[in-house]
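*Asks:* Handing you this structure, nothing more for now.
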Amino acid sequence: LVEELNALGDTLMEKVEEFHSVSEDELTVMERTTARLTRITGVFALAVSGALLFFLWPLYYYLRRFLLDPIHQLHEGAAIIGTGELDHRLEIDTGDEFEDLAHEFNGMAASLEEAKKEFAAGHLEVISSILDECLDKFSDEDKIEAYRLLTITYLYLDDPYAAKSSFM
């Protein structure tokens, strides 16, 4: 009986050692698989980051070139014209609404500049026709200046009713 128990114990020990060897092999395979998957994930994350950077850089350039720069130029140009530099012209070449808006600003500044020159030259009768057609396009500051010129013009032309209506 003791011999049988010893034989059974030895068999059991062999099976445990065999199981231990198999589980160590499986654990090694799992560790290698985990390490490989970690490397693949890192490479994938790096590739996705690179692709995003590759595609986002042109998007940033496009937004800056075709949206932000024209808006900035319009803002600066309007501020310069608003300070009274009516000979300043906006030069925006985007082929879209920003370019159209720049042309409108240039036209308004040219009209106001022409009205001021006509006023200074004493040609008061043409000022109202110059300013009337573009008053609704002026900024608030330019409207004030245009209405001031119109009021003075109408007063000089001895038309108090027109002067009062342009002042209001």
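The values are calculated or read from the model by the stated rules, or taken from the named source; none is laboratory data. Predicted model only: the values in this text are computed from it and were never measured. Just the protein is used for accessible areas: all its heavy atoms, side chains included, with ligands, DNA and RNA removed. Shrake-Rupley method; radii C 1.70, N 1.55, O 1.52, S 1.80 Å.
*Asks:* Rounded to the nearest 500 deg cm²/dmol, what is the calculated helix-only ellipticity per residue at 222 nm for the chain, with -39500 (n - 2.57) per DSSP H run of length n ≥ 4?
*Replies:* Working: 6 runs with 132 residues, N = 168.
My calculation for the chain gives -27500 deg cm²/dmol from helical runs alone.
*Asks:* Can you sort Thr28, Thr34 by 1.4 Å-probe accessible area, starting with the largest?
*Replies:* Details: Thr28 55, Thr34 80 Å².
I get Thr34, Thr28, largest accessible area first.
*Asks:* Under 10 Å, Cα contacts only: if you run a Gaussian network model on the chain, which one of His103, His75, His20 comes out with the highest mean-square fluctuation?
*Replies:* His20
*Asks:* Bin by bin, in steps of 10 Å, what percent of the Cα pairs in the chain do you find, going until the bin that has the longest distance?
*Replies:* For the chain, the binned pair fractions read 9, 20, 14, 10, 7, 7, 6, 6, 6, 5, 5, 3, 2, 1 percent.
*Asks:* Considering the chain as a Gaussian network with a 10 Å cut-off on Cα pairs, which listed residue, Leu46, Leu74, Leu86, attains the greatest mean-square fluctuation?
*Replies:* Leu46
*Asks:* Can you give the relative contact order of the chain as a percent, counting alpha carbon pairs under 8 Å and 6+ residues apart?
*Replies:* On the way: 96 pairs, mean separation 19.5, N = 168.
Result for the chain is 12 percent.
*Asks:* With a 1.4 Å probe and all protein chains kept in place, how do Val29, Val43 rank by accessible area, largest first?
*Replies:* Numbers: Val29 75, Val43 100 Å².
Ranked from most to least accessible, the order is Val43, Val29.
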